[in-house]
Amino acid sequence: MRVNARKEEYEHIELFGKPALFTSARIQTNSVPDGWYCYDLRGSDDEPGEPVTIEPYVVINHAGSVLTHEKINIPGEGFLRLGNSLDFLDEHLTFQAFCEEHDIPYPADNQTFKLRPASVSEAGLFYAMTPEKDAELGCIGHVRMDFGHGGKEFWHTWWPRGDEALNSPEFKVELNGVVDEFRKTVLKDLPSMSNYCYDNGGELSKNSGQYGYVAETENYRYCLRCNPKPGDYQAYLTCFDKRQQELRQEPHVIGKVNFASGETLAYTDPAIFLQVIRDELPYKPTSGFQYEVLTDDPAVRKGADDILYDLFGEENPRPLEDYGLTQRGRETLKNAENPNLPHSYRWFVVENFACEGETRHDTDSLTGAIDRFNGLACDSKRLCVTKDDVATVYLAIAQDGETHLDEGWRDNPRFAADSTVQEADARLQLSIAGLELSGPTMTMGGM
């Protein structure tokens, strides 16, 4: 599987005397920003992992890929020998951090409608549903598409599936824009769809050969099902009106609590949720009680903090108005859910968690946090991460000599699809098993 040029963590290199980025994976060419260049490195038959030449594309003996801000002139024979012109600088960087270090403007992402692979829970949205379910989900209809006999044509048919009033001029304009943009990548032709699915994953069920991707705008959700095989319809784009979904939704969950036993409870009533926190928080050291506020309602957020401060005999110094979110704050929270945007991460460890002498230790990388966490001899500690300075979760918990990973981030929309946190969880599993004490440095910009 190829990697997204904007999201990969690279090794910092010098190539022909110029700074560049290296990854052992292949880079998705459609994710390379305008004004940047991607090349493959080829190894020899004797040592396929040792780069010998640089080429536009390598199939056999692929030894890595590089991303550069300056074009490299490849001779007519299709390759350029590296010689001694490739130097590794012993530093790991994200694409954004590389731009900052070399004073290169970070290129804007010109995609208006961003696709992401569908989650397992969304798989049902990509197939036919009953009229009642269509109405419940605000389904407008779907576009059925195929690439013709040669895989290079584009045929499409609109199938209405909901209230015709939803098929508004506003929706039609946006739908045309969505299809036009997807025609540049995943819907360009059959080979492009095959490559896109190979690069991005998203298989709706094991060995089904059907792939699902979701794009969302302010008012609409688009679910694209891809079938990258000749001889059948290759794509279905199902369209939903999110406003209709909201009108039919049950009350939103505003908070969750869980216990060491594994029991998890969700609440829609603020008064009941706050009362549970008030009743259970004093028993946290023995019950493993934890809570998560899932609403932006200032009254609920302040109420939960008031209870925590009161437990320690203190008064919450923040007035209610401090809990109100500005429009920019709401956008920041929403952006934290988008896996296609660049994000920042702050890794830290809490020593003597919820005990006397509680201390926070900030680190500059996941590696530093793991080493700090493993080096503390206290009975209660937490390894945590804050994303974009707006959302924080526990990743590892040590209590009374036992250490385990906290899975709460998987249900948090700001972390569930985050590849950096997924990779951190994998490293922490190895660390807890004693197979890794530290690893490649992860900086503030990601892994």
Given the structure, is residue 262 surrounded by fewer than 15 Cβ atoms within 10 Å (Cβ to Cβ) and under 27 Å from the mean Cα position of the chain (by Cα)? yes
Regarding residue 338, is this residue at pLDDT 90 or above, within 32 Å of the chain's Cα centre (by Cα) and polar (S, T, N, Q)? yes
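Can you say whether residue 275 is modelled with pLDDT under 90 and polar (S, T, N, Q), as far as the supplied structure shows? Can you show your working first?
Numbers: modelled with pLDDT under 90: no; polar (S, T, N, Q): yes.
No; evaluated as a whole, the condition is false for this residue.
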Taking the residues in the range 1-59 that are in contact with a Phe, Trp or Tyr (Cβ under 7 Å, 6 or more places away or on another chain) and polar (S, T, N, Q) as candidates, determine which candidate is surrounded by the most Cβ atoms within 10 Å (Cβ to Cβ). 53
Out of the residues in the range 283-302 meeting the condition of being assigned to a helix (DSSP H, G or I) and β-branched (Val, Ile, Thr), tell me which one is surrounded by the fewest Cβ atoms within 10 Å (Cβ to Cβ). 286
Can you pull out the residues in the range 78-102 that are more than 26 Å from the chain's Cα centre (by Cα) and either within 18 Å of residue 339 (Cβ to Cβ) or of a type in the set (D, E, K, R) (or both)? 81, 87, 90
Can you confirm whether residue 175 is closer than 20 Å to residue 217 by Cβ and of a type in the set (A, V, I, L, M, F, W, C)? yes
Scan the range 73-92 residue by residue and report those that are in contact with a Leu (Cβ under 7 Å, 6 or more places away or on another chain) and either exposed (fewer than 10 other Cβ atoms within 10 Å of the Cβ) or under 23 Å from residue 3 (Cα atoms) (or both). 86
Checking the structure you have, find out if any residue of the range 366-376 is among the aromatic types (Phe, Trp, Tyr), modelled with pLDDT of 90 or more and not in a helix (DSSP H, G or I). no
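Are any of the residues in the range 245-267 assigned to a helix (DSSP H, G or I), within 23 Å of residue 394 (Cα to Cα) and modelled with pLDDT of 85 or more?
no
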For the range 110-161, enumerate the residues that are under 29 Å from residue 337 (Cα atoms), part of a loop (DSSP other than H, G, I, E, B) and not aliphatic (A, V, I, L, M). 110, 111, 112, 113, 114, 119, 127, 138
When you go through 411, 400, 406 one by one, which is the residue that is crowded, with 17+ Cβ neighbours inside 10 Å and over 16 Å from residue 335 (Cβ atoms)? 406
Go through the residues of the range 128-150 one by one and say whether even a single one is of a type in the set (Ser, Thr, Tyr), surrounded by 13 or more Cβ atoms within 10 Å (Cβ to Cβ) and at negative phi. no
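The values are calculated or read from the model by the stated rules, or taken from the named source; none is laboratory data. These numbers come from a predicted model, not from an experiment. Cβ atoms come from the backbone with ideal geometry, glycine included; neighbour counts cover every protein chain shown.
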